[in-house]
1. Find the residue count for region 336-374, including only residues that are in contact (Cβ under 8 Å) with a residue 12 or more places away in the chain, part of a helix (DSSP H, G or I) and more than 26 Å from ALA301 (Cα to Cα).
2. Go through region 78-99 and give me each residue that's under 22 Å from LYS213 (Cα atoms) and either in contact with a Pro (Cβ under 6 Å, 6 or more places away or on another chain) or surrounded by fewer than 19 Cβ atoms within 10 Å (Cβ to Cβ) (or both).
3. In region 409-434, what residues are surrounded by fewer than 14 Cβ atoms within 10 Å (Cβ to Cβ) and part of a helix (DSSP H, G or I)?
4. Could you tell me whether region 183-193 includes any residue that is of a type in the set (D, E, K, R), more than 18 Å from the chain's Cα centre (by Cα) and part of a loop (DSSP other than H, G, I, E, B)?
5. Considering LEU421, LEU348, which residue is at pLDDT below 95 and of a type outside the set (D, E, K, R)?
6. How about region 342-361: which of its residues are of a type in the set (Asp, Glu) and either over 22 Å from SER311 (Cβ atoms) or surrounded by fewer than 19 Cβ atoms within 10 Å (Cβ to Cβ) (or both)?
7. Among the residues of region 282-312, which ones are closer than 20 Å to THR216 by Cβ and acidic (Asp, Glu)?
8. Could we say that LEU339 is buried (at least 20 other Cβ atoms within 10 Å of the Cβ) and more than 26 Å from the chain's Cα centre (by Cα) here?
Amino acid sequence: MNQSLRVLSIAIATLLAAGQIPARAQYATEFVPAKLINEGKTSTTIAGSGKVVVQVQVNADGSHKVTKIISSTNTGDNAAAIEIANSSTYRPARRGTTPITAFYDFTLRFSGRTVVRSSSGSPGVSLGGASLSPAASQVAALIRAGQYAQAKSKAQLELLSSPGDDSLREMLGVASYDAGDFTSASAAFDKVPTIGAQFRSAAAQSFAAAAVKSATDNPEQSLAYAQKALALAPDTNSRFALGVAQLANNDNAAAMASLKAAHDMAMADSKIPLASKVNIDAELLQAYLANNDQQDAQGIAAQIKQLDPSSTAGARAMGASLLKSGQAASVAKDTATALRDYDQAAALGDPSIAVTANVLAAFAIAQGAKPDYKRMQSYADKAIALQPDNPQANFAEGIALTAQWSSSHDDGTKKRAADALAKADQQAKAQGNEALSLQIETFVKQNLNSAPSAPSGGGL
């Protein structure tokens with residue numbers, strides 16, 4: 001069975017490279033607030049100087065209604081403020097790229113008989129008052145009309161002939177941001193020497209989102225973007241992105257400090273959704289674990305459960321840490337420690353973690369000096385019970401049964417092994433994992449379709 005174990009070694013490498021350990025929590029720019037597109041007018045007489053804050057419910061389809069006056073320093077201005085809010089137009093809030101219903105806090109300031117300034121209590125992009133080139137103004141008009149794809153194309157085309165037009169590049173950044181393409185937005189804003197004040201919020205959110213997205217594949221770029229986000233807007237979102245980037249760069253102490261700051265700011269902000277707070281805490285939990293701070297890790301895991309009893313974010317984070325330590329033990333041929341870590345990870349209650357833990361445990365047994373193939377099969381069975389279409393789990397099942405058949409020469413065991421391996425091959429192909437499919441087919445050819453022989457008992 002030496003040849004089968006060499007194939008098995010490749011299978012383990014494929015499993016670990018396939019991203020089986022759950023990805024990091026996402027928070028940065030997952031929620032984009034509603035924003036004002038065009039400010040309305042009023043025919044109501046303004047009573048005098050004052051500030052009125054109006055709450056507007058902006059629906060996912062763009063419709064809206066005034067729900068209440070949040071505060072007012074001159075009640076005589078309330079009617080005018082409500083009329084302006086009602087006659088304005090708004091862009092709905094988004095979660096990711098999906099429009100959702102949310103509130104917009106509309107602040108209006110009056111001086112004498114005129115409106116002197118209005119603003120939102122939520123970050124947004126205002127194109128009014130910007131110093132734009134003629135080409136950039138045309139792009140801005142498309143953005144105001146909600147034609148973000150056309151605005152991006154127009155900006156990109158104009159930049160071919162005017163590469164030094166920073167206002168045009170800013171409009172490309174805004175159009176990409178409004179379209180939910182934060183990677184393109186960051187690339188555009190990154191080429192602007194000085195980003196205008198009215199665009200800094202959009203740029204900061206774009207940099208933060210791009211930092212989180214690129215943390216795994218490009219840690220250095222992630223850190224650079226996160227630092228830019230923080231410089232533009234030292235808010236919860238930017239600090240979260242910085243913590244994620246620092247963690248990706250193995251600067252664990254700095255990551256813990258950044259994520260703790262994001263956690264504290266989020267808990268004090270009633271406007272940040274509960275799901276976002278859970279995601280921030282899940283990343284902070286990862287930082288505590290990276291710093292070997294088990295006490296604070298357990299505390300934040302308990303807080304996640306308190307925030308959302310149905311959430312498995314804490315279990316995922318704790319489980320991911322145990323999977324990593326289990327992998328390290330397995331590589332060091334410390335099978336007992338690896339199995340202990342995998343068992344603890346599986347017991348945490350997150351199904352995806354449990355599947356991965358049981359599959360890795362099965363392969364860890366096969367890597368041992370004297371593999372117990374029935375025990376390997378029991379771990380594979382656990383994984384299959386949770387996720388029947390998992391190709392690695394079925395491959396592990398087939399390997400364990402093949403080894404048992406090579407000792408017993410039992411035709412029934414051989415058929416079960418063949419069925420498991422065929423199923424694994426089909427699942428691998430269905431998922432587009434041709435490398436795993438080839439390994440399964442090679443294993444079958446070299447082991448199941450050959451004359452049975454007793455396992456050598458040798459390790460990898």
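1. 7
2. Start the filter on region 78-99 by keeping residues that are under 22 Å from LYS213 (Cα atoms), which leaves 93-99.
Once the filter is applied, which keeps residues that are under 22 Å from LYS213 (Cα atoms) and either in contact with a Pro (Cβ under 6 Å, 6 or more places away or on another chain) or surrounded by fewer than 19 Cβ atoms within 10 Å (Cβ to Cβ) (or both), region 78-99 yields ALA93, ARG95, GLY96, THR97, THR98, PRO99.
3. ASP411, GLY412, LYS415, ALA430, GLU434
4. Of the residues in region 183-193, the ones of a type in the set (D, E, K, R) are 190-191.
Add one more test, that the residue is more than 18 Å from the chain's Cα centre (by Cα), and what stays is 190-191.
Next cut, part of a loop (DSSP other than H, G, I, E, B) only: 190-191.
Yes - at least one qualifying residue is present in region 183-193.
5. Working: LEU421 fails: at pLDDT below 95.
Step by step, each of LEU421, LEU348 is checked, and only LEU348 is at pLDDT below 95 and of a type outside the set (D, E, K, R).
6. Answer for region 342-361, where residues must be of a type in the set (Asp, Glu) and either over 22 Å from SER311 (Cβ atoms) or surrounded by fewer than 19 Cβ atoms within 10 Å (Cβ to Cβ) (or both): just ASP343.
7. Filtering region 282-312 down to residues closer than 20 Å to THR216 by Cβ leaves 282-291.
Selection gives GLU283 alone.
8. Values: buried (at least 20 other Cβ atoms within 10 Å of the Cβ): yes; more than 26 Å from the chain's Cα centre (by Cα): yes.
Against the criterion (buried (at least 20 other Cβ atoms within 10 Å of the Cβ) and more than 26 Å from the chain's Cα centre (by Cα)), LEU339 qualifies.
The values are calculated or read from the model by the stated rules, or taken from the named source; none is laboratory data. This one's a predicted model, so the numbers in the text were calculated from it and none came from an experiment. No Cβ is skipped: glycine too gets one built from the backbone with ideal geometry, and neighbour counts run over all protein chains shown.
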